[in-house]
Amino acid sequence: MDVNMKVNLSGVVLDNPIIPASGTFGFGEEFKDLYDLNILGSISFKGTTREPRFGNPTPRIAECPSGLLNSVGLQNPGIDAVINEEIPKLCKYFHKPLIANISGFSIDDYAYACEKIDKVEQVGIIEVNVSCPNVKHGGMSFGTNPESAAEVTKAVKAVTTKPVYIKLSPNVTDIASIAKACEEAGADGFTLINTLLGMRIDIKTRKPVLANAMGGLSGPAVFPVALRMVYQVYKAVSVPIIGMGGISSAADVIEMMMAGASAVQIGSANLVDPFICKTIIEELPKKMRELGIKSLSELKPTF
Amino acid sequence: MDVNMKVNLSGVVLDNPIIPASGTFGFGEEFKDLYDLNILGSISFKGTTREPRFGNPTPRIAECPSGLLNSVGLQNPGIDAVINEEIPKLCKYFHKPLIANISGFSIDDYAYACEKIDKVEQVGIIEVNVSCPNVKHGGMSFGTNPESAAEVTKAVKAVTTKPVYIKLSPNVTDIASIAKACEEAGADGFTLINTLLGMRIDIKTRKPVLANAMGGLSGPAVFPVALRMVYQVYKAVSVPIIGMGGISSAADVIEMMMAGASAVQIGSANLVDPFICKTIIEELPKKMRELGIKSLSELKPTF
Amino acid sequence: MRQLIFEVNNIRPIADKVFELILLGDTSDIIRPGQFVNIRVDGKYLRRPISVCDWDEDSLTLIFKVFGEGTEIMSRLQKGDKIDILSGLGNGFTVTDSKKALLVGGGVGVPPLYALAKKLIEQGVKPVVILGFASSKDVFYKNEFESLGLKTYVATVDGSEGTKGFVTDSIKENNLQCDYFYACGPMPMLKALCLELECPGQLSLEERMGCGFGACMGCSIITAKGSKRVCHDGPVFYKEDLLWT
Amino acid sequence: MRQLIFEVNNIRPIADKVFELILLGDTSDIIRPGQFVNIRVDGKYLRRPISVCDWDEDSLTLIFKVFGEGTEIMSRLQKGDKIDILSGLGNGFTVTDSKKALLVGGGVGVPPLYALAKKLIEQGVKPVVILGFASSKDVFYKNEFESLGLKTYVATVDGSEGTKGFVTDSIKENNLQCDYFYACGPMPMLKALCLELECPGQLSLEERMGCGFGACMGCSIITAKGSKRVCHDGPVFYKEDLLWT
Ligand SMILES: Cc1cc2nc3c(=O)[nH]c(=O)nc-3n(C[C@H](O)[C@H](O)[C@H](O)COP(=O)(O)OP(=O)(O)OC[C@H]3O[C@@H](n4cnc5c(N)ncnc54)[C@H](O)[C@@H]3O)c2cc1C
Ligand SMILES: Cc1cc2nc3c(=O)[nH]c(=O)nc-3n(C[C@H](O)[C@H](O)[C@H](O)COP(=O)(O)OP(=O)(O)OC[C@H]3O[C@@H](n4cnc5c(N)ncnc54)[C@H](O)[C@@H]3O)c2cc1C
Ligand SMILES: Cc1cc2nc3c(=O)[nH]c(=O)nc-3n(C[C@H](O)[C@H](O)[C@H](O)COP(=O)(O)O)c2cc1C
Ligand SMILES: Cc1cc2nc3c(=O)[nH]c(=O)nc-3n(C[C@H](O)[C@H](O)[C@H](O)COP(=O)(O)O)c2cc1C
Ligand code: FES
Ligand code: FES
């Protein structure tokens, strides 16, 4: 059986739905020697802000059952360095449209960075992160109510020409209403989920493991929550969804697409198995044949 | 070193903080032959409603990484049968104050059942579940906004004399504000977390694994989220908290108490290891000595 | 019920993706055919319920099919490996003295019928056995039942062995009569048997389980006698108590 | 960096809760002392980073202390077990030709200094070694360093062996002179060395890691040359680049 892995995100056609998730793949540098990056559907690069950021104090990582907490806090060299240095470097090895992950601390920040990144030819989709739980002001708070999420969407849409995907926070009561508000404000698609806010305490020192006390939970532990939210958003909106949260196998990819995702991102799994994206891309056709799936782009909830 | 495991929940003193969680221990029947139930701090019995309920169609259980989904949907014989049959049976084997877990579909339901259970001598604490994700009307929706949660609290407090603990939902943007509203409405304490709404799809049949599509995620996967929420509620209120969500070891108990819990409940772990509560109660003194903890009731966040 | 450690004595494939697993350990909690054990599998959260196929004082035979990840991991067990099981779960079959008994098994519903057949023989009953599978590559334990001296029929859906069709087709084709039946297999098979066989019988059901010992209400069904837990009040139910919708 | 399967050749306790683990496999990714490997541990999500203590063409020696659950699980490894590691991580030490070199290790910071000592000797440098531990029961590898022909001092915090106090006390007590130092150990030790030793040096840092190969930014520190990832730009840094606050 011939299988077709191509998927379409607002006109940007990917060879396959596998995209390394922002923050777990840097700017591709560490992976380019491991395998040919061009096997990937796309790459969502490390969350970028107007100004350079070091991020939060260390420790920034804590082990959890089937996952980890991180409180990196958007460490990045700033939008100008990303455009002038990181993207050109990455594009020596990767020749497909990129997903540009952008964060901010004010509506103005978002608009500023998105307007700049919109001019970069290699960028296919702008992913607006209104859901980072690891920054004090802005970040997640924009993503936790429909009005502010819609406001960010509108401001970014006003200054960009490329498809704008809003990256949603799972730390909310009603993710569908937030997605709907963003869709009305012009969002071309959604990426979800970002990390679930969590905490660990070191019982020997009686202090939180993370210097920042709380951090974002990711990895297989969050997969059922991510799947549920993708399904809820799928039911609420009519634009494409990039699903993520704990995906670690070809079966997980298919399950996520059956919940309503048009493509997926792989995050934490890259950290513990640097070859996971390659493995999944190789396994997908086999799994598709096993399940009688001819074309990934046909998958959607049938319930 | 002599260690003290006693804890105090609104005047109800428990020999130790270990309480099997509602819905994972039935009415004690299946465990009474495994070990002497009186080693437990208390028992929170299966969620009870005004009328008998069969609950949702099966399958009601789905495997997840480090946890499970359930969509049992409050199967119980109704408040009258619980008072007249289940509690008397349980009290043949268990001679300590019970925690009565009560659910409803209207404010009136809650008040009705709580008023009845308040008269039962063996009940030490009434645990009001405003967070069941597995029932269509009522259930979790009462627990997802401060006003309705406070309204339930007020109604129950008006008809009861025993300490009332509100069992909170983790499926919310801001759990602290809901806890605060309930505290103002008279809540004597809180139990958290109930399950996180999740979903799994069977990729062979392309249908959700659960007949009800979505269910509640519990088990070690949710531990970091539970710990964070216990800490957030601890910072927001001044009444005791019973912490739960993924606890599976004496170390987890101590970590949860360091986050602000005065006692803990053990849920899913009972299902995969029926002796877990006994094991934890035996391990706790050793762990306390190892960490130099003299009295569990002294533990609280030191950050 | 007890939580026990058993040691793998032998594991071997006996049909396509089907393995026979022989465990050594304390079997004293198993008292009736049709009971099951609940097995902890490395890397999985929930245990996996598997019927007891046969047992003696210190050994236990299980037969399982690789279905998903849990049974896949189990299929890689090796002699000497230790596994953690909850033993002696469920009610099991009640042996009756009906003389013209049928034993009807479908797929991985076949295993519990083996120990049941031995018990019936002990009681002087020689049941007729009908085993249903998808295809000849899936057939197992036909010889074992025949070695007990029992007449054993096979049905396969694709007709590659025995009667083409379901166990009910085999019953018709061979004009088998009975005054009682014992069955275990997929729900559609059990339903067809209940509707097509006029005599009374006992049926072992399957349901997704949280605990396997009655604590979580994950496996409840509604019966003529009210709600029952498959793991604890079953898995074996009397035909007359089952409600088919 | 490569992901490789290694086989346990030997594991033995060498001090209180400290184990020496010898692995067989392809070590070609390890090119400098001070590099580390990142080990997958059954049942844990993140890998555990452990320094390379020594290596030759096809074997790798690691020394680790049981600290939490991950290293506890590792301590139960047995000969013949296979483990999944990311090999050849980090920059490692750069051997300089300074003749009066000190090697200073604290606790589980000692292991990487062993391979470094061998490399220095190859280059004709005979460093003096100072090893710091909490107590005599924690001391390991003193003999191994001495067998290389190196003068080796021990300091223990409780004074039960060698100098009572920290490595810096041992340096003072023995009036050790140096024109260069290489160090690995707890942060307070590294800080004290940087402040008290006037000569230049290289220090191997520890930080909680997400990936261990530069992808997650989990292990960043701020240095005089800007932000650096301990796993990828380190773990070895030059003294002059470290900012102590
Ligand atoms: C009382 C009882 C006795 C059984 N006896 C046998 C036997 O003797 N031989 C045999 O091969 N199989 C038997 N089964 C079915 C067996 O339990 C499942 O095939 C097995 O659990 C599948 O696990 P998995 O991890 O491979 O599949 P997955 O689909 O990955 O499992 C996911 C979850 O679903 C559950 N599950 C999946 N399929 C079933 C099922 N059919 N019934 C119940 N739970 C299921 C699993 O236990 C697990 O919790 C029995 C089931 C029950 C309830
Ligand atoms: C580059 C490097 C080299 C190391 N080399 C050695 C060595 O040769 N021998 C040795 O015994 N130890 C070494 N360590 C420390 C070792 O990694 C930790 O002791 C170990 O990870 C603890 O794991 P655990 O599961 O037992 O503890 P837990 O506390 O249960 O671990 C929880 C999480 O915290 C991380 N963690 C805990 N302590 C440390 C630590 N001190 N440094 C980094 N991460 C930590 C773990 O990796 C894990 O992700 C090294 C650390 C680093 C960063
Ligand atoms: C170490 C780390 C750093 C992350 N940084 C970012 C980021 O900069 N921007 C962003 O939108 N998401 C970030 N995320 C979230 C991931 O992109 C992803 O949404 C989340 O981890 C869930 O997917 P996973 O379970 O596959 O990891 C980060 C996650 C991790 C683990
Ligand atoms: C099978 C099952 C049934 C449950 N039933 C109830 C219930 O009736 N009432 C209630 O308040 N919580 C119920 N819960 C939630 C648990 O009491 C607990 O809050 C949750 O499972 C988190 O704890 P854990 O991770 O230790 O299981 C149920 C959980 C499970 C797994
Ligand atoms: S599986 Fe828990 S009650 Fe049956
Ligand atoms: S641990 Fe991931 S970048 Fe260093």
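The values are calculated or read from the model by the stated rules, or taken from the named source; none is laboratory data. Because the structure is predicted, anything quoted here is derived from the model rather than measured. Neighbour counts are summed over all protein chains in view; Cβ atoms, including those assigned to glycine, are modelled from backbone coordinates with ideal geometry.
Tabulated results
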{"item": "Condition met for B:Ser218 (free of Cβ contacts under 8 Å to residues at least 60 places away in the same chain and at negative phi)", "result": "no"}
{"item": "Search result, residues across segment A:92-103 that are within 14 Å of chain D (Cβ to nearest Cβ) and touching a helix residue (DSSP H, G or I) at 6+ places or on another chain (Cβ under 8 Å)", "result": "A:Ser103"}
{"item": "Selection count, segment C:88-116, where residues are buried (at least 19 other Cβ atoms within 10 Å of the Cβ) and either at positive phi or away from ligand 5 (no atom under 16 Å from the Cβ) (or both)", "result": "20"}
{"item": "Wholly enclosed strands (runs of 3 or more DSSP E) of segment C:1-76 bearing at least 3 residues farther than 21 Å from C:Pro235 by Cα", "result": "C:2-15, C:18-24"}
{"item": "Spans of strands (runs of 3 or more DSSP E) in segment A:1-91 with at least 2 residues within 14 Å of chain B (Cβ to nearest Cβ)", "result": "A:61-64, A:67-70"}
{"item": "Residues within segment A:52-67 that are within 18 Å of A:Arg200 (Cβ to Cβ) and either surrounded by fewer than 24 Cβ atoms within 10 Å (Cβ to Cβ) or touching a helix residue (DSSP H, G or I) at 6+ places or on another chain (Cβ under 6 Å) (or both), tallied", "result": "9"}
{"item": "Residue list for segment D:67-87, restricted to those being farther than 12 Å from D:Val41 by Cβ and surrounded by 15 or more Cβ atoms within 10 Å (Cβ to Cβ)", "result": "D:Leu86, D:Ser87"}
{"item": "Failed criterion for C:Val236 (all others in (1) modelled with pLDDT under 95; (2) within 16 Å of ligand 5 (Cβ to nearest atom); (3) crowded, with 20+ Cβ neighbours inside 10 Å hold)", "result": "(1)"}
{"item": "Pair list, Cβ under 9 Å, 6 or more apart: segment B:30-44 residue closer than 21 Å to C:Cys231 by Cβ and without any contact (Cβ under 8 Å) to a residue 60 or more places away in the chain, other residue surrounded by fewer than 23 Cβ atoms within 10 Å (Cβ to Cβ) and of a type in the set (Lys, Arg)", "result": "B:Leu37/B:Lys96; B:Ile43/B:Lys96"}
{"item": "Qualifying residues in segment C:55-80 (those that are of a type in the set (Ser, Thr, Tyr) and in contact (Cβ under 8 Å) with a residue 40 or more places away in the chain) - the one farthest from ligand 1 (Cβ to nearest atom)", "result": "C:Ser59"}
{"item": "Tally of residues being β-branched (Val, Ile, Thr), surrounded by 20 or more Cβ atoms within 10 Å (Cβ to Cβ) and assigned to a helix (DSSP H, G or I) across segment B:277-301", "result": "2"}
{"item": "Test: residue in segment C:86-96 that is aliphatic (A, V, I, L, M) and either at pLDDT 95 or above or within 23 Å of C:Leu24 (Cβ to Cβ) (or both)", "result": "yes"}
{"item": "Segment B:178-211: number of residues that are within 11 Å of chain A (Cβ to nearest Cβ) and either under 25 Å from A:Cys64 (Cα atoms) or not aliphatic (A, V, I, L, M) (or both)", "result": "13"}
{"item": "Failed item, numbered, when A:Arg228 is tested on (1) within 7 Å of chain B (Cβ to nearest Cβ); (2) within 22 Å of the chain's Cα centre (by Cα); (3) farther than 13 Å from A:Ala176 by Cα", "result": "(3)"}
{"item": "D:Val157, sole failed condition from (1) away from ligand 3 (no atom under 16 Å from the Cβ); (2) among the aliphatic types (A, V, I, L, M); (3) touching a helix residue (DSSP H, G or I) at 6+ places or on another chain (Cβ under 8 Å)", "result": "(3)"}
{"item": "Qualifying positions in segment D:3-28 - of a type in the set (D, E, K, R) and either surrounded by 19 or more Cβ atoms within 10 Å (Cβ to Cβ) or outside the structural domain of D:Lys79 (by TED's automatic domain parsing) (or both)", "result": "D:Glu20"}
